[in-house]
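Following: one structure in structure tokens, then a few remarks.
The values are calculated or read from the model by the stated rules, or taken from the named source; none is laboratory data. Keep in mind it's a predicted model, so treat the numbers as computed, not measured. Positions of Cβ are backbone-derived with ideal geometry, glycine not excepted, and every protein chain shown enters the neighbour counts.
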Amino acid sequence: MATAITFLIQWGDRSLLGLFMTKAMLGLYATATVWSRIAVEALLRINAQVMFPIYADLINRGDAHLRRKLFKARLALVLVFVPPMWALSLGGQWMIDFLYDPRYAEAGWMLQILAMGSVGAIISTTASNILLAAGDSKRHMILQTGRGLLLIASIAVGAYFGEVKGMIYGVAASKVIDYPLLVWAIRRYVVWMPILDLSTLALSGVVIMGGHAYLTHI
């Protein structure tokens, strides 16, 4: 079941969007998705080497020193991986136009939307490993199930208000609005870091909205 839920989270958006998009448009969406997930995929690999051992020690010992170490590690990962998502959310169209021929131009605005959601995915990725380190398969499954349902709901709401573009906004939004569910899942292990998480989300909002406002007036 967990495998099916993970598949839904990773590929469910394409399956649902495929009902409303042409094959050509879905191909453009796939291109945008690859670029928007590049930081998350790299982070998943680093997580196994950096975060998982810290979480495992924290489960076994649970001292204040390890929590400080955890905060520093998560902060470092956020500082490395979030700014590139800011850049893609502001300049994704320019990058697509530079790297691809004009047939791929529509992937640019998709990338800019999806990159905003990747900020939330990065926060979640650095925090949720505590569940695996603790062997808490039940909470992990509930978290993944909730994410899958939020993805479906967000896409449906986006489709209602904004058709295809709204659906893509829904995909991005689902990566952020699942944060309360993440908090519920990890809070019992005393690893929730609201200052770090909420500051990252708030600063990202300021940078992205401010950047777009500036770029539209130059």
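Among residues belonging to region 183-200 that are surrounded by fewer than 18 Cβ atoms within 10 Å (Cβ to Cβ) and among the β-branched types (Val, Ile, Thr), point out the one that is nearest to the chain's Cα centre (by Cα).
Going through the qualifying residues, I end up with VAL183.
Could you run through region 201-214 and say how many residues are surrounded by 16 or more Cβ atoms within 10 Å (Cβ to Cβ) and either more than 15 Å from GLY120 (Cα to Cα) or among the polar types (S, T, N, Q) (or both)?
Here the count works out to 1.
Could you list all residues from region 16-34 that are closer than 24 Å to VAL119 by Cβ and of a type in the set (Ser, Thr, Tyr)?
Across region 16-34, the qualifying residues are TYR29, THR31, THR33.
So, ALA134, is that one within 29 Å of LEU75 (Cβ to Cβ) and either touching a Ser or Thr at 6+ places or on another chain (Cβ under 9 Å) or modelled with pLDDT under 95 (or both) or not?
Yes.
For region 169-188, check the following and say yes or no: at least one residue is at pLDDT below 95, among the aromatic types (Phe, Trp, Tyr) and either out of contact with any Ser or Thr (no Cβ under 6 Å at 6 or more places or on another chain) or more than 17 Å from SER128 (Cβ to Cβ) (or both).
Checked against the condition, which is being at pLDDT below 95, among the aromatic types (Phe, Trp, Tyr) and either out of contact with any Ser or Thr (no Cβ under 6 Å at 6 or more places or on another chain) or more than 17 Å from SER128 (Cβ to Cβ) (or both), region 169-188 yields no hits at all.
Name the helices (runs of 4 or more DSSP H) wholly within region 133-218 that hold at least 3 residues that are free of Cβ contacts under 8 Å to residues at least 40 places away in the same chain and over 25 Å from ARG68 (Cβ atoms)?
Those helices (runs of 4 or more DSSP H) span 137-177, 194-215.
Just the residues that are in contact (Cβ under 8 Å) with a residue 24 or more places away in the chain, more than 16 Å from the chain's Cα centre (by Cα) and closer than 30 Å to TYR189 by Cα, please, taken from region 11-61.
Hits for region 11-61 are VAL50, MET51, PHE52, TYR55, ALA56, LEU58, ILE59.
Are there any helices (runs of 4 or more DSSP H) wholly within region 17-122 with 3 or more residues that are hydroxyl-bearing (Ser, Thr, Tyr), and if so which?
Of the helices (runs of 4 or more DSSP H) lying wholly inside region 17-122, those with at least 3 residues that are hydroxyl-bearing (Ser, Thr, Tyr) span 23-36.
Inspect region 11-31 for any residue being at pLDDT below 90, hydroxyl-bearing (Ser, Thr, Tyr) and out of contact with any His (no Cβ under 8 Å at 6 or more places or on another chain) and give the result as yes or no.
Yes, region 11-31 contains at least one residue that is at pLDDT below 90, hydroxyl-bearing (Ser, Thr, Tyr) and out of contact with any His (no Cβ under 8 Å at 6 or more places or on another chain).
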